[in-house]
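To start, the structure under review is shown below, and the notes come after it.
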Amino acid sequence: MTAGIEPIRCGYRSIFTPATRRERAANFEAYWAYSVEHDGEILEDQKGLTKKQQILTRFQSNPVRSCQPLPGPEGFYRNYVKMQDDPRTLDRKTLLLTFLYKFARHEFVGISAAWGASSRITESTSMIAKIGRYHLCEEFSHMRLFHEMFRTFRLDKVEWVPLGKWMGRMYRLFPRVPEAFMAPPAFVTELMGLTVYQHIDGVLDEILADEPEARDRVRELLKEIMTDELPHVGQRRNFIGPVGLGAARLFVEPMYRAFFRDVPETRLLFDLDHMVRDGKTFDYSTIAPEMIEKSWVPSYCKASSRSEDGA
């Protein structure tokens, strides 16, 4: 096999597969067409999208609530913003929910900063700028789905609290960094999100074994989010050329470890080494076929799009 071509696994190539500038440009066009078809019209004043609003309404019109409250709801509220107790004293349901909040909170702060730094969509806006604005509306839609997860467990008082002064400043500066420097860490951030959601899905059957209806609802909500995160990973990959691709691969482990170092629930719920390996080796073969059918995959990550010699 020619050097630089990633190995094929179950019909898909690694997300780190090299791609030409022309391939990446074509994939931006394909991603934009997919996004408009998949999510409908943008609702900028609501930071939403028409089809995402319909999905949210469907969930809210058919609510599912856990049969029993958490063993100690006050434990969740005391620890969901910042861990105050020894995490080893908390039950696994509470740990999962406080972990979910902490991860989603970073998402919320990041997209809020990026929204303030971007412009409204107009007819004259470039396709890349439109993709960025659309992408943020998808992410805000995800925050509403996260709220539904908390409501499923009768946690109705969850608020998205700002991060500390230093972290908040970093998130505000990040959208203003030149694209060439921002692209690799932004891509790894998206990849980390998808990795986390896969690992959350992997523990639901065990942690929520006594709440099958609530478990199934959380999984439904999670899969709606993952269906968007899959193309987000591919879309962010489109920004990266050969040099940035090498940097992104190197960033995976230190970025994953740095982020989760401040989330003490992680080591009690997941295998961080496994997460890192999954990030480094990600390809779309790990995703359920029915989810792939609803999502979007870069052409250069499909084995059928290239011959073995990279033609």
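The values are calculated or read from the model by the stated rules, or taken from the named source; none is laboratory data. Remember, it's a predicted structure, so these values are computed and weren't measured experimentally. Note that we place each Cβ from the backbone using ideal geometry, even for glycine, and neighbour counts take in every protein chain shown. Quick note on the areas: whole protein, heavy atoms, side chains included, nothing else; ligands and nucleic acids left out. Shrake-Rupley method; radii C 1.70, N 1.55, O 1.52, S 1.80 Å.
General remarks:
- Checklist (1) open to solvent by 80 Å² or more (accessible area, probe 1.4 Å); (2) charged (D, E, K, R); (3) not in a helix (DSSP H, G or I) applied to ASP45, failing item: (3)
- The criterion of being part of a loop (DSSP other than H, G, I, E, B), closer than 26 Å to THR227 by Cα and either among the aromatic types (Phe, Trp, Tyr) or at pLDDT below 90 (or both) does not hold for SER124.
- Per-region count, region 148-160, residues surrounded by fewer than 20 Cβ atoms within 10 Å (Cβ to Cβ) and part of a helix (DSSP H, G or I): 3
- Within region 55-83, tally of residues that are closer than 15 Å to LEU221 by Cα, in a helix (DSSP H, G or I) and either of a type in the set (Val, Ile, Thr) or touching a residue at least 12 places away in the same chain (Cβ under 8 Å) (or both): 5
- Of all residues in region 88-111, at least one satisfies being assigned to a helix (DSSP H, G or I), of a type in the set (Val, Ile, Thr), at pLDDT 95 or above and in contact with a helix residue (DSSP H, G or I) (Cβ under 7 Å, 6 or more places away or on another chain).
- Residue in region 117-124 that is out of contact with any Leu (no Cβ under 6 Å at 6 or more places or on another chain), open to solvent by less than 20 Å² (accessible area, probe 1.4 Å) and in contact (Cβ under 8 Å) with a residue 24 or more places away in the chain present: no
- Unmet requirement for GLY40, which otherwise passes all of (1) surrounded by fewer than 17 Cβ atoms within 10 Å (Cβ to Cβ); (2) small (Gly, Ala, Ser); (3) more than 21 Å from the chain's Cα centre (by Cα): (3)
- One residue alone among ALA129, ALA180 is farther than 29 Å from GLU253 by Cα, open to solvent by 20 Å² or more (accessible area, probe 1.4 Å), at pLDDT below 95 and part of a helix (DSSP H, G or I), and that residue is ALA129.
- Some residue of region 93-114 being exposed (fewer than 15 other Cβ atoms within 10 Å of the Cβ), of a type outside the set (D, E, K, R) and either farther than 30 Å from LEU272 by Cβ or over 21 Å from the mean Cα position of the chain (by Cα) (or both): no
- Note on region 197-229: among residues that are of a type in the set (Asp, Glu) and open to solvent by less than 20 Å² (accessible area, probe 1.4 Å), the one that is nearest to LEU100 (Cα to Cα) is GLU229.
- Pick from region 132-163, criterion closer than 17 Å to GLY110 by Cα and of a type in the set (Ser, Thr, Tyr), ranking: modelled with the highest pLDDT: SER141
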